[in-house]
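A.B. asks: Pasting a structure below so you can have a look.
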Amino acid sequence: MSEDADQGVALDSAKVSTQGCAQISPLAPQDFAPEIHRFFQRAYAVEARLINVRDFPPLARSCSAIQEAKSQVFSACTEAGLRGVIELEHQSGVVLIASLVVDIDYSRQGLARLLLQHVISIHAKDSLWVETATANRPAMALYASLGFEVRGEFAKADGLRMSRLERKRN
């Protein structure tokens, strides 16, 4: 790691930044798919219980689907290793936050906020969109605290209520 990264300065060329004790950096899903899959399974199982849903679609995502994804991924790493992942999909001037997970042993320690702040900083000229379960109050509060606004609500085929949020470009 460079001296600048140790001091918490964003490095444009590698899009690496350190914030507090976590380092945020790009991650190649094809290289870390098994570990990402384990995070997804643990974190989304907790979310499914939180929103009281039995059949939660993110839990059905396979390791190979993660490996083959064409998304942009950033990781949050601590001294203990990989602890959080945010996955982005680019769609004509809009960036969709497709996934945001933190190792459940590190939840409520600010890693999701750090990942989101990093994405906001590097995508300041893009609109950011995310969809999350309306009943997921912690996620809704986190997004609202970072300037995301509810743009709509809808029900999925299984009846799960979802909120669509947007953070407009700077």
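The values are calculated or read from the model by the stated rules, or taken from the named source; none is laboratory data. All of these numbers come straight from a predicted model, not from anything done at the bench. When we count neighbours, we look across all protein chains shown, and the Cβ atoms used for this are built from the backbone with ideal geometry, even at glycine. Ligands, DNA and RNA are stripped out before the accessible areas are found, and what is left, the full protein with its side chains, is counted by its heavy atoms. Shrake-Rupley method; radii C 1.70, N 1.55, O 1.52, S 1.80 Å.
A.B. asks: Between segment 114-143 and segment 55-110, what is the C-alpha centre distance in whole Å?
C.D. replies: Segment 114-143 and segment 55-110 have Cα centres spaced 12 Å from each other.
A.B. asks: A further question on this structure: Net charge around L128, counting only other residues with Cβ within less than 10 Å of its Cβ (Lys, Arg = +1; Asp, Glu = -1)? Display every interim value, and only then the final one.
C.D. replies: Numbers: positive: R167, K168, R169; negative: D126, E166.
Neighbour charge sum, excluding L128 itself: +1.
A.B. asks: Using r as the Cβ-Cβ distance of A155 and L50, and R0 as 22 Å, what FRET efficiency do you calculate, to the nearest 0.05?
C.D. replies: Once the sixth-power term is evaluated, E becomes 0.75.
A.B. asks: While we're looking at this one, here's another question. Against the longest alpha carbon principal axis of the chain, how many degrees, from 0 to 90 and to the nearest 10, is the axis of helix 111-122 turned?
C.D. replies: 70 degrees
A.B. asks: Could you tell me the ratio Rg/Rh of segment 79-170? Both radii from Cα atoms, Rh via Kirkwood.
C.D. replies: Looking at segment 79-170, the ratio lands at 0.97.
A.B. asks: Find out how many positive minus negative residues lie around Y143, taking Lys and Arg as positive, Asp and Glu as negative, among other residues whose Cβ is under 15 Å from that of Y143.
C.D. replies: Surrounding charge for Y143 is +1.
A.B. asks: Could you please report the charge total around I97, scoring K, R as +1 and D, E as -1 over all other residues with beta-carbon less than 10 angstrom from its beta-carbon?
C.D. replies: -2
A.B. asks: Normalised by the number of residues in the chain, what is the relative contact order in percent for Cα pairs under 8 Å and 6+ residues apart?
C.D. replies: 17 percent
A.B. asks: What FRET efficiency comes out for D105 versus Q41 if R0 is 22 angstrom and r is the Cβ-Cβ distance? Round to the nearest 0.05.
C.D. replies: Here the calculated transfer efficiency is 0.95.
A.B. asks: Here's something else I'd like to know. Write down the accessible area per residue of the chain in Å², having rolled a 1.4 Å probe over the full set of protein chains. Could the numbers behind the result be given before it?
C.D. replies: Details: 9180 Å² over 170 residues.
For the chain, the per-residue accessible area is 54 Å².
A.B. asks: Same structure, new question: Using 0.36 nm per residue of separation minus the Cα-Cα distance, give me the extension gain between A80 and E68 in nm, one decimal.
C.D. replies: Numbers: separation 12, 0.36 × 12 = 4.32 nm, distance 2.65 nm.
Length gained, A80 through E68: 1.7 nm.
A.B. asks: Compute a Gaussian network model of the chain, connecting alpha carbons closer than 10 Å, and tell me which residue from I120, I86, I51 fluctuates the most.
C.D. replies: So, out of I120, I86, I51, the one fluctuating most is I51.
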